[in-house]
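Okay, structure first, notes after.
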Amino acid sequence: MQMKFGVLVFPGSNCDQDTYHVISDVVGQPVTFLWHESSDLEHCDAILVPGGFAYGDYLRTGAIAHFAPIMQSVKKFASSGGLVLGICNGFQILAESGLLPGALMRNAGLKYICKQVYLRTETTDSPFTNLLREGEVLKIPIGHMEGNYFCDTATMQRLEKDRRIAFRYSTAAGEITPEANPNGSLANIAGILSEGHNVLGMMPHPDRSSEALLGSADGLRIFQSMVAALAAQVS
């Protein structure tokens, strides 16, 4: 069954081609680019907000992008239950847009970090993790300067209570330790879900880890989970 994906493109996006390639050539699903000045989602079944430096990260990462016409359509799409995945800068844009709570701040070490990390799967109760096992560890790279997730205490309690923390930075054995946290994120958070579990923001790059030749194909499971969830909706 074919599911159409849309990859947003902003001035400064630099992972849009990677994301398009994974969906088209690895996952084998129809995919189209969606320009930031358009408001037409072109009947896509899922939206991907890729990494990069939308609008040069001027003012604040994601702060300008959330005013783009395409993001107004994405908000309506998400509010109706549509699947939206934000990767790295995409996570920052979703947070700025109010589709996800909290904020992404400068890394604790104030340096850009680009390396492979380990993520522990915290919940399988989402369209993005349904093919994973709770506690399963994925090897996926990061590449960011502002990946330090923060939220207030009340928000954190809601995330915990509603099982909306999708991934935490961990050791290869799945241990949640300060040493495994690359950027200082609160509670080692690497990815969170919206209230309806249909929006996921994550700092690590599944688009850069969907083929074994890149060092890991673990990220492919996230995209495959999305396809499985979409297929289940129409079956």
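With the Cα gyration tensor of segment 71-181 giving a ≥ b ≥ c as the square roots of its eigenvalues, does the rule (a/c under 1.5 for rounded; else a/b larger than b/c for prolate; else oblate) give rounded, prolate or oblate? Oblate shape, in that a/c is at least 1.5 and b/c is the bigger or equal ratio. Projecting the Cα atoms of Asn89, Ser38, Leu119 onto the dipole axis of the chain, where Lys and Arg carry +1 and Asp and Glu carry -1 at the beta carbon, places Leu119 farthest toward the positive end.
Computed over the alpha-carbon pairs of segment 120-228, the distance histogram in 10 Å steps reads 15, 49, 33, 3, 0 percent, short to long. Each of Phe5, Phe167 has some number of other Cβ atoms within 10 Å of its Cβ, and from fewest to most they run Phe5, Phe167.
Arranged from fewest to most other beta-carbon atoms within 10 Å of their beta carbon, Phe128, Phe53, Phe223 become Phe53, Phe223, Phe128.
Here the average projected area of the convex hull drawn through the C-alpha atoms of the chain stands at 11.4 nm². Shape analysis of segment 14-68 places it in the oblate category; the axes a ≥ b ≥ c from the Cα gyration tensor give an a/c of at least 1.5, with a/b not above b/c.
Only the Cβ atoms of Lys and Arg (+1) and of Asp and Glu (-1) were treated as charged; on that basis the dipole of the chain about its Cα centre amounts to roughly 340 debye. Of the residues Ser79, Ala108, Met203, the one whose Cα sits farthest toward the positive end of the charge dipole of the chain, with +1 on the Cβ of Lys and Arg and -1 on the Cβ of Asp and Glu, is Ala108. Net charge near Lys4: determine it from the other residues with C-beta under 15 Å of the C-beta of Lys4, scoring Lys and Arg +1 and Asp and Glu -1. Spelling it out: positives minus negatives among the neighbours equals -3. Each DSSP beta bridge with both residues in segment 1-137 is either parallel or antiparallel, and the antiparallel ones are about 15%. Distance from the Cα centroid of segment 1-23 to that of segment 72-105 is 15 Å (rounded to whole angstrom).
Put simply, the C-alpha atoms of segment 1-100 give a gyration tensor, and the ellipsoid matching it has half-axes of 20, 15, 11 Å, longest first.
Using a cutoff of 8 angstrom between alpha carbon atoms and counting only pairs six or more residues apart, the relative contact order for the chain works out to 20 percent. Beta bridges assigned by DSSP with both partners in the chain are antiparallel in approximately 60 percent of cases. Taking max minus min of the alpha-carbon positions on each principal axis, segment 111-164 gives extents of 32, 30, 16 Å, largest first.
Computed packing ranks the peptides 151-160, 213-222 as 213-222, 151-160, most packed first, by mean other Cβ atoms within 10 Å.
Listed by Cβ neighbour count within 10 Å, with the fewest neighbours leading, Cys15, Cys88 appear as Cys15, Cys88. Given a Förster radius of 25 Å and the C-beta distance between Val234 and Asp40 as r, what FRET efficiency does 1/(1 + (r/R0)^6) yield to the nearest 0.05? Here the calculated transfer efficiency is 0.70.
If we count every other residue with Cβ under 12 angstrom of Ser97's Cβ, Lys/Arg +1 and Asp/Glu -1, where does the sum land? Residues near Ser97 contribute +1 overall.
Each reported figure results from applying straightforward, stated rules to the coordinates on display, with no laboratory input. The shown structure was predicted, so the numbers you read here are calculated from the model rather than taken from an experiment. Here the Cβ is made from the backbone with ideal geometry for all residues, glycine too, and neighbour counts use every protein chain on show.
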